[in-house]
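Written below as structure tokens is the structure these notes are about.
The values are calculated or read from the model by the stated rules, or taken from the named source; none is laboratory data. Given the structure is predicted, the values throughout are model-derived calculations rather than measurements. Cβ sites come from the backbone with ideal geometry, for glycine too, and all protein chains shown count toward neighbours.
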Amino acid sequence: MNWFRNILWGLRVRRCWKQAEGDYGQFLGNIGCYIAYGKLPPDILERGGLHHDMPTTKDIPILKLKLPLGPVIYFGCSNTEIGHYMWAPLMSSKYDKWSDPNHRQLCKLDGKFAPTDTNEEGQAWYHTHIADPRLSDDVSYNVISWWDRSVDHRQGSHSTFLIVGEPLHYLEALAKCKAAFPEVFARFKYEIRLRRDMAV
């Protein structure tokens, strides 16, 4: 059956390359998506290539955060630099130190909270995690994420915000993000609309 697996992988690689539209970095990302999740990115799925079920909360990672931590963290592009990084409010500094005890957890913000049922810009998923009172080190937080190609035009580009603290209404959480990162929101030419609200 090795020949069958080789043919199947050949078709997958071809799809990944076609979707990347000549972008080698995006192509490698698509291959990684296939290896990690067994699925193509959502934009291919929406074109009818494969059937895609709505995800459940078990598909969303739970962040094991350690305090102290900034009240709002942005994972995405700056207005002048292609590439996704973690930013403190007002884009004052990057959270890029591997020595930070939260670094590995914050890296999960990179695309894992973005919508998998659409690739339309501005369609946001909102996630809320309420700390378990039985666990002394569990931290409550909220995450807003949507696909955003306003700076980085690759299909997998997104803007994701982590709001640390007690659960908030979506509009309250979005207002906190706007206040912390006004220069980021100033560049959006589309409306940010809530597509799905879930607890994780």
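The figures follow:
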| item | result |
| --- | --- |
| Check on LEU174, of a type in the set (A, V, I, L, M) and surrounded by 14 or more Cβ atoms within 10 Å (Cβ to Cβ) | yes |
| Selection within region 71-82 - more than 13 Å from the chain's Cα centre (by Cα), in a loop (DSSP other than H, G, I, E, B) and modelled with pLDDT of 85 or more | PRO71, SER78, ASN79 |
| Any hit, region 116-138, residues being out of contact with any Leu (no Cβ under 7 Å at 6 or more places or on another chain), in contact (Cβ under 8 Å) with a residue 40 or more places away in the chain and under 13 Å from TYR74 (Cβ atoms) | no |
| Any hit, region 85-105, residues being charged (D, E, K, R), free of Cβ contacts under 8 Å to residues at least 24 places away in the same chain and in contact with a strand residue (DSSP E or B) (Cβ under 9 Å, 6 or more places away or on another chain) | yes |
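Okay, residues lined up against (1) in contact with a Pro (Cβ under 9 Å, 6 or more places away or on another chain); (2) among the β-branched types (Val, Ile, Thr); (3) at pLDDT below 85:
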site	(1), (2), (3)
TYR95	no, no, yes
PRO101	no, no, yes
PRO115	yes, no, no
ILE144	no, yes, no
